[in-house]
Structure formats: C-alpha cells, structure tokens
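The values are calculated or read from the model by the stated rules, or taken from the named source; none is laboratory data. Just so you know, these numbers come straight off a predicted model, no measurement behind them. In this analysis, Cβ positions are derived from the backbone assuming ideal geometry, glycine residues included, and neighbour counts consider all displayed protein chains.
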Amino acid sequence: MSEDILLKDRVALVTGASRGLGRAIAISLARNGAKVAINYLSNDTEANKVAEAIQADGGETMMAKGSIADGTFVKDMVKQVVKQWGKLDILVNNAGITRDNLLPRMADEAWDEVMNTNLRGAYLCTKFAVRPMMEQSWGRIINIASLAGVIGNMGQANYSASKGGLIAFTKSVAREVGSRKITANVIAPGFIVTDMTGKLPQEAKDNILTRIPLKRFGTPDDIASLAVFLAGESAGYITAQVICVDGGVI
C-alpha cells in the first residue's frame, strides 16, 4: 500500500470490477487506502483474482455478484456495503457493455441491453449510493463514460447514446447533491487497451493510432490514476466535469 494514503478509511464500490478498467480502478483505490467492494456479473475467477490482488497488498475487500440493471440487487448491494463497513464514500460506475452494429441493422434487444447496463445500471447504483453519502455529507461519484459519448462513434449508436446519457446524468446529479459535499464527475476514456478494445481489427487500431498525438494507446492505469485523484480530498472543488483521457485524440 502506498505510503501516502490518500483514501485512508474511505469505502468504495466499483461496478464491473472483475476486468479491464474496473479491475485497475478497484486495485488502485485499495492501494491508496480504500476498502473496496467488487461488483461483477458472472466471472467468479477474474473477480477472485482482483480480490486476491487487493488482499496481497494488505487491502480489504468484499464481493458483490449480480446485475446492476436489477434494482432489488443494487439496493441490497449498497445495504451490504454499509452494513459491513459502516458507510459508502466512493461510487465508481464502470460496468459497461457493447453490442455494436450499424443503425439499420441494430436489433432492438442490442439497444435495450446496452442501455440497461450502461445507463440504467449507473442510475440505480447512484440512486441508492447517494443516500448514505447524503447522511454523512461527503461522497464521490465517478462515472466511466467514453469518448464515444462525447463525439459519437460509427456502429455504436447504442453505446454512444448510453455514454452521452451518462454524461448528462452526471451533470444533473452533481447539481442535486453538491450542497451535501458530494461531487459527481465523468471520466471519458479514449482508446484504452482492454479485452473489449482488443477485439478490434489491427487495421482499425492502426488508423486510430494516427489520430493520437501521444502516439500510444491508453492503459487501464491511466484511468485508475485519475479515478484515485477524483476520489480524494484534493478534488473536492471539481464536480459536473467531463475529463477526457484520450492522448489528445483528433
């Protein structure tokens, strides 16, 4: 654990924390002193690896398996976190899926599935998490959107709409809860190397790289470092903001 414990005694809940960005964020929060609840949908093996990594660093964690699109589950999950650790300080809405296709070919189910996880899930988690945050007059809500939610992306009308909606949702939440010393911000990653982006053809990756001035793709740790900052005291006057982490993509 870092000698400079930025998040000592803080309690965090990270959704979609078994892989990719969620994994990196959960581990980084824990390394900086937070107790971390790991939410995931189905992959027990990968979720356990995250928990083991946190515990190996001397951190404290708990598992929360289930769908964030299920309001009953989310309500119970938040209650369990508060029951175990007495509070909830930090919520990271990271869970997200893609169901890509060009709009004329997109199935209605593909639209609904993406909206249910990416937007409804964030709505439900935030709805229930802000209650203990308001009671303690302190909180950090960090929503992981995407550059696609800022500028759109061909073949991702559903995903882009869900992430654009998440941005607007975050700005509204920030204005509702700011008087209780709760901040709400968005991290909008560009091209980050994860399992999700790894499925893209090499030609597509090469084309993307030509648009990035820093001449490299981002890593999950690039996102996790910002999440740790936004979760801490130093970011207390930052709210309703969208921070793009994209290497300066043009």
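Comparison of 13, 6 shows that the only residue that is under 20 Å from residue 123 (Cα atoms), buried (at least 16 other Cβ atoms within 10 Å of the Cβ) and among the aliphatic types (A, V, I, L, M) is 13.
Each row is one residue, and each column tells you yes or no for (1) aromatic (Phe, Trp, Tyr); (2) surrounded by fewer than 17 Cβ atoms within 10 Å (Cβ to Cβ); (3) within 23 Å of residue 230 (Cβ to Cβ).
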| position | (1), (2), (3) |
| --- | --- |
| 33 | no, no, yes |
| 38 | no, no, yes |
| 60 | no, yes, yes |
| 88 | no, no, yes |
| 108 | no, yes, no |
| 125 | no, no, yes |
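Of all residues in the stretch 46-68, those that are hydroxyl-bearing (Ser, Thr, Tyr) have Cβ atoms under 8 Å from Cβ atoms of residues that are crowded, with 22+ Cβ neighbours inside 10 Å and not in a helix (DSSP H, G or I), 6 or more apart or on another chain, in 61/35; 61/36; 61/37; 61/38.
Please tell me if residue 188 is within 18 Å of residue 242 (Cα to Cα), surrounded by 16 or more Cβ atoms within 10 Å (Cβ to Cβ), hydrophobic (A, V, I, L, M, F, W, C) and in contact with a Leu (Cβ under 6 Å, 6 or more places away or on another chain). Yes.
Close contacts from the stretch 23-44, counting a first residue that is within 15 Å of residue 125 (Cβ to Cβ) and a second that is among the acidic types (Asp, Glu), with Cβ to Cβ under 8 Å and a gap of 6+ residues or different chains, come to 36/60; 40/46.
Among the numbered criteria (1) at pLDDT 95 or above; (2) in contact with a strand residue (DSSP E or B) (Cβ under 7 Å, 6 or more places away or on another chain), which single criterion is violated by residue 181? Looking at each condition in turn, residue 181 falls short on (2).
Residues considered: 109, 113, 46. Of these, the only one that is among the charged types (D, E, K, R) and over 19 Å from the mean Cα position of the chain (by Cα) is 109. Restricting attention to the stretch 19-73, the residues being outside any helix (DSSP H, G or I), under 21 Å from residue 117 (Cα atoms) and among the polar types (S, T, N, Q) number 4.
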